[in-house]
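Report on the following structure.
The values are calculated or read from the model by the stated rules, or taken from the named source; none is laboratory data. Treat the numbers as computed from the prediction; the structure is a model and nothing was measured. A quick note on method: Cβ atoms are made from the backbone with ideal geometry, for glycine too, and the neighbour counts reach across all protein chains shown.
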Ligand SMILES: [Zn+2]
Ligand SMILES: [Zn+2]
């Protein structure tokens, strides 16, 4: 609603702000907003876009990009994070979950709001030729986690500069091993996040325009699991098949049968995926091998569907292999690659995110997206505390086509760094101002979805 605020109202606002903020304010909260909170996101974005901050972030991002490290081996990345936190005078805990670092900014008192960045790279040879190409053969930051770490360090810098305005504590979670290692689960096991009231996480999105964000309330990403099976037959001469038991044919039928789980057994309105992505067997044109190894992933949004898929994958592999006289063993690799729960966004935090991101980027740049079958180990946090995960746009057509994440040609648009840093910082700072110290922890356990 337009119109000038009456003088008495204005005096009241100033009075309330004074109560809220006994320390000297660095923000000049605008009198156009009812409480000044809505000015914070834009101001922090302007702060993040300052030349020196952007240059510093780009330098950090390139350093991490050149030295990618796989899950639980992020020693140098962890070292770099700690030395930057030291320079900023931010206290932290280390090691958390092997290489993880958990920093603290603010009063040290409740409420606690957490921001999370993942640190690991992928076992992939970078194919992009540029000055800051990965120096480690066979390893690459092809999922943008180098950018995520940088954005959280950027947020740390912004928040530390505004620490007098923090009405509680921001917890910075630099987490190892997102790519299948379940680093989030290990961080939770370490017990450093027990007092946290809410957690936010983001992922860069090459298909979303720069300056936009996208997410949704409720289920956003699927729960995921992996499987591997060895189908055993009897090797022999390829020209005398009657003396062999052919595991290649058996494995082929197993794969076809697995495709019937989603098409024939699942509710068409309940999204699920079974993909066999690995098929290894045989090494010669004229030899039937002894065994074949297949492997893949399965995805679902509910615990029931996930459990059903898991059970049926095992039954179908063993049963279908037996049709062709083969044996089969199935391994769900749950130790090395723990099942990820679905990523389910808290409804209240969705509303809060829309307000904060809308104030920063304008509401039409804050998109509500459809769920996707990808998965994120951020979901482990959401099982035990209210959490919110969103995608950060970085597409800029004028810079050329951006390859998808996990591609050896993936590139990160560094122009997205200030957006990520400012969103992180705004979500945390405003959360503490808006929700105050009277927040109580969610009752009981959130664990009902996997
Ligand atoms: Zn990834
Ligand atoms: Zn990722």
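Within the group 279, 285, which residue is farther than 30 Å from residue 39 by Cβ and in a loop (DSSP other than H, G, I, E, B)? Show your work before the answer.
Numbers: 279 fails: in a loop (DSSP other than H, G, I, E, B).
On inspection, the qualifying residue turns out to be 285.
Give me the residue from the range 152-175 that is assigned to a helix (DSSP H, G or I) and touching a strand residue (DSSP E or B) at 6+ places or on another chain (Cβ under 7 Å) and, out of that set, farthest from ligand 2 (Cβ to nearest atom).
At the first step, the residues of the range 152-175 found to be assigned to a helix (DSSP H, G or I) are 152-161, 163-165.
If we keep only those that are touching a strand residue (DSSP E or B) at 6+ places or on another chain (Cβ under 7 Å) too, we end up with 152, 155-156, 159-160, 163.
Working: 152: 14, 155: 18, 156: 20, 159: 23, 160: 26, 163: 29 Å.
The qualifying residue farthest from ligand 2 (Cβ to nearest atom) is 163.
Considered as a group, the residues in the range 135-158 that are over 21 Å from residue 56 (Cβ atoms) and within 15 Å of ligand 1 (Cβ to nearest atom) include one that is farthest from the chain's Cα centre (by Cα), and that residue is 139.
Out of 199, 231, 240, which single residue is in contact with a helix residue (DSSP H, G or I) (Cβ under 8 Å, 6 or more places away or on another chain), away from ligand 1 (no atom under 16 Å from the Cβ) and over 21 Å from residue 349 (Cα atoms)? Don't jump to the end; show me each part of the working.
On the way: 199 fails: over 21 Å from residue 349 (Cα atoms); 240 fails: in contact with a helix residue (DSSP H, G or I) (Cβ under 8 Å, 6 or more places away or on another chain).
Going through 199, 231, 240 in turn, just one is in contact with a helix residue (DSSP H, G or I) (Cβ under 8 Å, 6 or more places away or on another chain), away from ligand 1 (no atom under 16 Å from the Cβ) and over 21 Å from residue 349 (Cα atoms): 231.
Scanning the range 85-104 for residues that are crowded, with 19+ Cβ neighbours inside 10 Å and either closer than 11 Å to residue 156 by Cα or at pLDDT below 95 (or both) yields 85, 90, 103.
Taking the criterion of being within 15 Å of ligand 1 (Cβ to nearest atom) and either farther than 26 Å from residue 90 by Cβ or modelled with pLDDT under 95 (or both), the residues of the range 120-133 that qualify are 122, 123, 124, 126. Being within 15 Å of the chain's Cα centre (by Cα) and within 16 Å of ligand 1 (Cβ to nearest atom) is a property that does not hold for residue 424.
So is residue 222 in contact (Cβ under 8 Å) with a residue 60 or more places away in the chain, within 15 Å of residue 388 (Cα to Cα) and more than 14 Å from the chain's Cα centre (by Cα) or not? Reasoning before the result, please.
Working: in contact (Cβ under 8 Å) with a residue 60 or more places away in the chain: yes; within 15 Å of residue 388 (Cα to Cα): yes; more than 14 Å from the chain's Cα centre (by Cα): no.
So residue 222 fails the test.
Scanning the range 176-210 for residues that are part of a helix (DSSP H, G or I) and either within 12 Å of the chain's Cα centre (by Cα) or within 12 Å of ligand 2 (Cβ to nearest atom) (or both) yields 183, 184.
Total residues in the range 134-147 satisfying the condition of being surrounded by 14 or more Cβ atoms within 10 Å (Cβ to Cβ), more than 10 Å from ligand 2 (Cβ to nearest atom) and part of a loop (DSSP other than H, G, I, E, B): the figure is 3. Any residue in the range 351-373 that is surrounded by 14 or more Cβ atoms within 10 Å (Cβ to Cβ), at negative phi and within 16 Å of ligand 1 (Cβ to nearest atom)? The answer is yes; a qualifying residue exists. Could you go through the range 183-194 and let me know if any residue there is within 16 Å of ligand 1 (Cβ to nearest atom) and either over 24 Å from residue 272 (Cα atoms) or crowded, with 20+ Cβ neighbours inside 10 Å (or both). Yes - at least one qualifying residue is present in the range 183-194. Every condition in (1) touching a helix residue (DSSP H, G or I) at 6+ places or on another chain (Cβ under 9 Å); (2) away from ligand 2 (no atom under 16 Å from the Cβ) is met by residue 82 except one, and the failing one is (1).
So for the range 315-325 (the condition being outside any helix (DSSP H, G or I) and more than 20 Å from residue 179 (Cβ to Cβ)), does at least one residue qualify? Walk me through how you get there before you give the answer.
First, pick out the residues of the range 315-325 that are outside any helix (DSSP H, G or I): 324-325.
Applying the additional criterion that residues be more than 20 Å from residue 179 (Cβ to Cβ) yields 324-325.
Among the residues of the range 315-325, at least one is outside any helix (DSSP H, G or I) and more than 20 Å from residue 179 (Cβ to Cβ), which makes the answer yes.
Filtering the range 379-402 to residues that are within 16 Å of ligand 1 (Cβ to nearest atom), more than 16 Å from residue 300 (Cα to Cα) and not in a strand (DSSP E or B) leaves only 402. Given the conditions (1) outside any helix (DSSP H, G or I); (2) more than 16 Å from ligand 2 (Cβ to nearest atom); (3) modelled with pLDDT of 95 or more; (4) within 15 Å of residue 113 (Cβ to Cβ), report the number of the one that residue 440 does not fulfil. Single failed check for residue 440: (3).
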